[in-house]
Amino acid sequence: MNEKLSLLGHASPLPAAPDQAILERVGNPHVDADYLVRFTAPEFTSLCPVTGQPDFAHLVIDYVPNKHLVESKSLKLYLSSFRNHGAFHEDCTVRIGMDLVARLSPRWLRIGGYWYPRGGIPIDVFWQTGAVPPHLWLPDQGVPSYRGRG
C-alpha cells in the first residue's frame with residue numbers, strides 16, 4: 001500500500017526551491033472513512049518577488065484523505081523550500097494547495113494562509129477544492145485576524 005519513501009530514516013537536505021521538493025505519500029489505512037487531517041505551519045517563510053525581503057505566514061492545511069496521506073517529513077521539507085522562493089502571498093498559498101491536490105487527490109482540501117503585514121496590510125489567502133463533505137467535523141482554523149498591538 002505504501003510507496004517507497006526516500007526521505008525517512010536519514011538526514012535529508014533542504015530543497016533549494018519548491019520545484020525540487022518531493023511530496024511523498026503513504027497509503028490511507030482508513031480509506032472507508034471521511035476524517036480531517038490538519039497540518040499547521042506557524043513559521044512559514046517565503047520571499048517577496050519584488051523586494052527580496054522575507055514574508056511570514058501561519059499556514060493551516062486541512063484535508064480529507066482519499067487513498068493517500070502526505071508523509072509529514074516530506075511536507076515539512078516542501079514547505080521549507082519556499083524560504084528562498086520569491087512569490088506573492090496568493091501564489092504561495094494557492095500553489096501549496098494545488099500541489100497537495102495534484103499529489104494526493106484528496107476528497108477535499110482547504111488551506112488558510114494568514115500572512116503577517118507587508119506595507120502595513122496583512123493579507124489572508126484561502127483556497128479549497130469544493131464543498132465540505134457532509135457530516136465532517138470541521139473545526140475553526142483557530143488563527144485570529146491580525147490586530148497588531150491593539
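The values are calculated or read from the model by the stated rules, or taken from the named source; none is laboratory data. As the structure is a computational prediction, the values presented were derived from the model and not from experiment. Glycine gets a Cβ as well: all are built from the backbone with ideal geometry, and neighbour counts include every protein chain shown.
Brief remarks on what is shown
- Cβ separations smaller than 6 Å between residues 6+ apart or across chains give the following pairs from segment 113-128 residues that are assigned to a strand (DSSP E or B) to residues that are among the polar types (S, T, N, Q) and surrounded by 15 or more Cβ atoms within 10 Å (Cβ to Cβ): Gly113/Thr93; Val125/Thr93.
- Here Pro13 clears all of (1) of a type outside the set (Ser, Thr, Tyr); (2) in a strand (DSSP E or B); (3) over 13 Å from the mean Cα position of the chain (by Cα) except the condition numbered (2).
- Scanning segment 45-104 for residues that are within 14 Å of the chain's Cα centre (by Cα), more than 29 Å from Gly9 (Cβ to Cβ) and part of a strand (DSSP E or B) gives Phe56, Ala57, His58.
- Test: Leu138 is aliphatic (A, V, I, L, M), touching a residue at least 60 places away in the same chain (Cβ under 8 Å), closer than 30 Å to Asp32 by Cα and touching a helix residue (DSSP H, G or I) at 6+ places or on another chain (Cβ under 9 Å): no
- Count of segment 117-145 residues which are surrounded by fewer than 15 Cβ atoms within 10 Å (Cβ to Cβ), under 20 Å from the mean Cα position of the chain (by Cα) and over 29 Å from Pro65 (Cα atoms): 1
- Enumeration of residues in segment 3-46 that are at pLDDT below 95 and exposed (fewer than 12 other Cβ atoms within 10 Å of the Cβ): Glu3, Lys4, Gly9, His10, Ala11, Pro13
- Test for Val50: is it surrounded by fewer than 16 Cβ atoms within 10 Å (Cβ to Cβ), among the β-branched types (Val, Ile, Thr) and over 30 Å from Tyr146 (Cα atoms): no
- Flag if His68 is farther than 18 Å from Thr129 by Cα and of a type outside the set (Lys, Arg): no
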